Every structure is written in C-alpha cells, then in structure tokens.
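Student: I'd like to ask some things about the structure below.
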Amino acid sequence: MRKKGEQRREWILQKLEEHGIAVKGAALAEEANVSRQVIVNDINLLKVAGHPILATSQGYILFSESPGEGKVRERVVCFHLPENTMDELQTIVDCGVTVDDVTIEHPVYGEISAQVQVSNRNEITTFMTQIKENNATLLLEMTDGTHLHWLSADSQEKIDAAKDALRIKGYLIEN
C-alpha cells in the first residue's frame, strides 16, 4: 500500500524500532511500494527532524549515543595499510566486539566519521564487498593509515581482548 509522506516516515521509524538491526532501504521501498530514492529522502527528512538514524553498509538503523544497557564502549587509535583492513576488523569482531565507526582527522575538513557497524565476519565481508564494488576509498587512505574506531561490547574484558589482539598485530597505537 502506498503511504503519504508523513505517514510513511512514521512507518519507517516504527520499522527501524521493531527490527533493532539494520534495515535495507530497498526492503523499505518495496514494502512501502515507493522507490528507494523516496526512502532516502524520507530518511534525510527524519534526520533533519532529529531522529538518530544511521546509514550503514547493512542498511538503516536507529542509533543511540549511549551504548545501551550492559554495553561498554571505548575509542581506539589504529594504524595499518589498506590491505590489512579486513584482518583488523576480523581481529576485533573475533573477540566479540562490534566496530561502530571509523574516524579520521583530515587536514582540511577536520574530523570525518563513517558508520561501520560490523560485529561478525559475514558483515565484514559484506562491508568490504561494497567498498570494492563501489570503488570506494577507505577513510584511512586519506591519512596514510591512521584512524580511530569506537568499539562496543557487552564487557570490558572483550574490548581488552580486542585491544590485546590489535596490539600483537601492530595495529594499535598507544601512548
């Protein structure tokens, strides 16, 4: 059934809340019987209205600044070559940790961040495939490899294990 703009945007918010995980724009478009571009426009309007929606490689998700009950977050600084990206991400998720984002310090634009939201090897494969298929540049390529990640997990021990694994591989930058 085709929905009018405001009604459709409320429906999108409800769908994102119900799923609790990423929802593809194409799936929303098909279910709402509109084009994907209409969904993109709706998402942008919802963002402007203050709804914390993130576009990730897996789809749209409602985001909360707080890590959630029982969740721990920590920011780490990493360095590696582009060809080590998959290994870095796998090293982190294999410890039970989610890579929330990637951030670089650009010399002109300042801080640039992008949502990654990968928590398992399948999501990493999807993410890396999308990078390759779209001939996209990894953000770390703009800083010769230095970048930051917000990591989240259900315990500090898992984040510490991920940091130890990154340290062993030489990816973690510390004081």
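Student: Would you please name the residue that is farthest from ILE92 (Cα to Cα), looking only at residues in the stretch 113-131 that are part of a helix (DSSP H, G or I) and among the hydrophobic types (A, V, I, L, M, F, W, C)? Give the steps one after another, and end with the answer.
Tutor: Looking only at the stretch 113-131, we keep the residues that are part of a helix (DSSP H, G or I), and these are 121-131.
Next cut, among the hydrophobic types (A, V, I, L, M, F, W, C) only: 124, 127-128, 131.
Values: ILE124: 11, PHE127: 15, MET128: 15, ILE131: 19 Å.
Among them, the one singled out is ILE131.
Student: Show me the strands (runs of 3 or more DSSP E) entirely contained within the stretch 10-79 in which 1 or more residues are at pLDDT 90 or above and in the same structural domain as ALA165 (by TED's automatic domain parsing). Working first, answer last.
Tutor: On the way: elements: 53-56, 59-62, 72-79.
Qualifying strands (runs of 3 or more DSSP E): 72-79.
Student: Of all residues in the stretch 124-147, count the ones that are touching a residue at least 60 places away in the same chain (Cβ under 8 Å) and crowded, with 19+ Cβ neighbours inside 10 Å.
Tutor: Matching residues across the stretch 124-147 total 3.
Student: So, in the stretch 65-79, of the ones that are surrounded by fewer than 19 Cβ atoms within 10 Å (Cβ to Cβ) and under 13 Å from LEU140 (Cβ atoms), which residue ends up farthest from the chain's Cα centre (by Cα)? Full working, then the answer.
Tutor: Filtering the stretch 65-79 for residues surrounded by fewer than 19 Cβ atoms within 10 Å (Cβ to Cβ) gives 65-75, 77, 79.
Filter again for under 13 Å from LEU140 (Cβ atoms), leaving 77, 79.
Working: VAL77: 17, PHE79: 19 Å.
Filtering the stretch 65-79 for residues that are surrounded by fewer than 19 Cβ atoms within 10 Å (Cβ to Cβ) and under 13 Å from LEU140 (Cβ atoms), the one farthest from the chain's Cα centre (by Cα) comes out as PHE79.
Student: Continuing with this model, one more query. Looking at the stretch 92-116, which of the residues that are in contact (Cβ under 8 Å) with a residue 60 or more places away in the chain and buried (at least 21 other Cβ atoms within 10 Å of the Cβ) is nearest to the chain's Cα centre (by Cα)? Don't jump to the end; show me each part of the working.
Tutor: Here is the first cut: in the stretch 92-116, the ones in contact (Cβ under 8 Å) with a residue 60 or more places away in the chain are 92, 94-97, 115-116.
From what is left, the residues that are buried (at least 21 other Cβ atoms within 10 Å of the Cβ) are 92, 97, 116.
Numbers: ILE92: 14, VAL97: 13, VAL116: 2 Å.
Once the filter is applied, the top-ranked residue is VAL116.
The values are calculated or read from the model by the stated rules, or taken from the named source; none is laboratory data. Note that the coordinates shown come from a computational prediction; the quantities given were computed from them, not determined experimentally. Cβ atoms come from the backbone with ideal geometry, glycine included; neighbour counts cover every protein chain shown.
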